[in-house]
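Beneath this line is the structure, given in structure tokens, with notes to follow.
The values are calculated or read from the model by the stated rules, or taken from the named source; none is laboratory data. Small disclaimer: the values here were computed from a predicted structure and weren't measured. Here the Cβ positions follow ideal geometry from the backbone for every residue, glycine too, while neighbour counts run over all protein chains shown. Just the protein is used for accessible areas: all its heavy atoms, side chains included, with ligands, DNA and RNA removed. Shrake-Rupley method; radii C 1.70, N 1.55, O 1.52, S 1.80 Å.
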Amino acid sequence: AIFIIFGAYLPSIERNSMVGLKFGWTLANEGNWKFTHKVGRISFIAAGVIFLLCGFYYKVWIVITAFAIAIVVPYIASFAFYKKYGDKNPYAAKEKARKKAAPKPKKLN
């Protein structure tokens, strides 16, 4: 259940050096951080479901596979993102448009 909860929480974690999936290229690029944590969400929830099912049918290789899903899949996805985009942030245009479209608060006199 902890893996499912952590997986659901992953995309909302801001970039930091304490909590999250911290690889060298994820800490250096905001776009990579967001992408890696979106992929991590899916893989951690999948691993959590596998762990819950292991309560009924326990085999060591299933547990090892679940850990591999939770860790290796986001690592490979993060590295692929780094190789494709480098230090560029493909989400930057969306973020800029979203900030521009947000209504500005009115001043109170």
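Trp33 fails exactly one of the following numbered conditions: (1) within 9 Å of the chain's Cα centre (by Cα); (2) open to solvent by 90 Å² or more (accessible area, probe 1.4 Å). What is the number of that condition?
For Trp33, the exception is condition (2).
Of all residues in segment 12-26 being surrounded by 15 or more Cβ atoms within 10 Å (Cβ to Cβ) and under 18 Å from Asn89 (Cα atoms), which is farthest from the chain's Cα centre (by Cα)?
Per the stated criteria, the residue is Trp25.
Can you work out which of the residues in segment 36-58 that are free of Cβ contacts under 8 Å to residues at least 12 places away in the same chain and open to solvent by 80 Å² or more (accessible area, probe 1.4 Å) is nearest to the chain's Cα centre (by Cα)?
My answer is Leu53.
For segment 1-39, name all the residues that are within 22 Å of Lys83 (Cα to Cα), among the aliphatic types (A, V, I, L, M) and at pLDDT 90 or above.
Once the filter is applied, which keeps residues that are within 22 Å of Lys83 (Cα to Cα), among the aliphatic types (A, V, I, L, M) and at pLDDT 90 or above, segment 1-39 yields only Val39.
Any idea how many residues of segment 45-88 are under 15 Å from Leu21 (Cβ atoms) and either of a type in the set (Val, Ile, Thr) or not in a helix (DSSP H, G or I) (or both)?
Of the residues in that region, 6 qualify.
When residues of segment 60-71 are filtered for being open to solvent by less than 70 Å² (accessible area, probe 1.4 Å) and more than 12 Å from the chain's Cα centre (by Cα), how many remain?
Selection size over segment 60-71: 6.
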